[in-house]
Amino acid sequence: MPPYVPRVAIITGAAQGIGLSIARQLAKDGIDVAVNDIPAKSAQIDEVVNAIKETGRKAIAIPADVTSEEEVQKMVETTARELGSVDIVLFLFHSTFVSFKCTFQATAEIFDAVTAVNFKGVFLCYQHAAKQMIKEGHGGRIIVNSVMAKSIGFPNLSVYSGTKFAVRGITQVAAKELGEHGITVNAYAPGIILTPLSIGGGTLDEKLKLFKEAIGIPSYIPHAEPEVIGNLVSFLCKPESHFITGRIMFETCIEDSLK
Ligand SMILES: NC(=O)c1ccc[n+]([C@@H]2O[C@H](COP(=O)([O-])OP(=O)(O)OC[C@H]3O[C@@H](n4cnc5c(N)ncnc54)[C@H](O)[C@@H]3O)[C@@H](O)[C@H]2O)c1
């Protein structure tokens, strides 16, 4: 039997940055998209939806907070009902700036806020996406955005890094558990991508310098535009990538030199 052709994606945190770039790429690939981000970004979500519709693909707006189980469940159900199925789920959200603290400055409130988004949110999305895909019975693709901080401890990213190590763990477990249902689970861990997250204020050179200094990354480590991630995700969503699972893409030898 030829591999199933994924045709509907939910992308969380897609109002801007890497998520937005992936939404554009998947729409170009012929995939319909449910665009999620927090309700405060409803206007930006609508812009993304309209831009996708202009390309001829279907798109729906799903403002929701991924830390709420009820909202995640509703997001998955609405997508299945309005777009016909749930074939691909991509997670891209973060709360880096609140976590830009060293271990001894991070408060319990920061810990709760960052783990709620970066770990609980991923867990809830994995669980409800998997349940829906198993119910539909045709397999699927679960992809999570990771970071170099998933396996290297960077100064000042204490709690953030902890959540990314945790996500690495549940990604490996989910890949093993969901394989029998034809669902692949992968992560990709880009270096520095030029988005509102990695570049706060000032000129581009100033922003990059500050960001790299803050987390102790040497200036020679390269950075890239969000489109490079769109390309990788596009590859993982192709029917012929059905055998790739449990991988963390973009793990490079550069990371070894940072350990
Ligand atoms: N930019 C980089 O250099 C870089 C590098 C490696 C990994 N990453 C990872 O990529 C992912 C996305 O990064 P980005 O640079 O595009 O960030 P970004 O800040 O540009 O976009 C993240 C989006 O997530 C949304 N979000 C936050 N909390 C949410 C919630 N509770 N529910 C739904 N949406 C929520 C935000 O509103 C935002 O629009 C993150 O997981 C980040 O850790 C980024």
Problem set entry | Hits in the stretch 169-184 (condition: free of Cβ contacts under 8 Å to residues at least 40 places away in the same chain and either surrounded by 18 or more Cβ atoms within 10 Å (Cβ to Cβ) or more than 15 Å from Phe243 (Cα to Cα) (or both)) | Gly169, Val173
Exercise. Failed condition for Leu232, given (1) within 11 Å of the ligand (Cβ to nearest atom); (2) within 20 Å of Ala175 (Cα to Cα), with all others met?
Worked result: (1)
Problem set entry | Lone unmet requirement of (1) without any contact (Cβ under 8 Å) to a residue 24 or more places away in the chain; (2) open to solvent by less than 20 Å² (accessible area, probe 1.4 Å) for Leu157 | (1)
Exercise. Which of the residues spanning the stretch 48-60 are touching a residue at least 24 places away in the same chain (Cβ under 8 Å) and open to solvent by 70 Å² or more (accessible area, probe 1.4 Å)?
Worked result: Thr55, Arg57, Lys58
Seminar exercise, completed: Checked the stretch 132-148 for anything open to solvent by less than 10 Å² (accessible area, probe 1.4 Å), among the β-branched types (Val, Ile, Thr) and closer than 23 Å to Ile221 by Cα; matches are Val144
Seminar exercise, completed: Requiring at least 2 residues that are basic (Lys, Arg), the helices (runs of 4 or more DSSP H) wholly within the stretch 47-138 are 69-83, 121-136
Exercise. Identify, please: which residue in the stretch 145-161 is assigned to a helix (DSSP H, G or I) and farther than 24 Å from Asn36 by Cβ and is, among those, farthest from the ligand (Cβ to nearest atom)?
Worked result: Ser158
For this session: Out of the residues in the stretch 30-57 that are under 18 Å from the mean Cα position of the chain (by Cα) and charged (D, E, K, R), state the one that is nearest to Pro190 (Cα to Cα).
Result: Asp37
For this session: Please state which one of Glu109, Glu71 is open to solvent by 30 Å² or more (accessible area, probe 1.4 Å) and more than 10 Å from the ligand (Cβ to nearest atom).
Result: Glu109
Exercise. Would you say Ile142 is in contact (Cβ under 8 Å) with a residue 24 or more places away in the chain, on the phi < 0 side of the Ramachandran plot, within 16 Å of the ligand (Cβ to nearest atom) and in a loop (DSSP other than H, G, I, E, B)?
Worked result: no
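The values are calculated or read from the model by the stated rules, or taken from the named source; none is laboratory data. All values derive from a computational prediction rather than experimental measurement. Cβ atoms come from the backbone with ideal geometry, glycine included; neighbour counts cover every protein chain shown. These area figures cover heavy atoms from the full protein model, side chains too; ligands, DNA and RNA do not enter into them. Shrake-Rupley method; radii C 1.70, N 1.55, O 1.52, S 1.80 Å.
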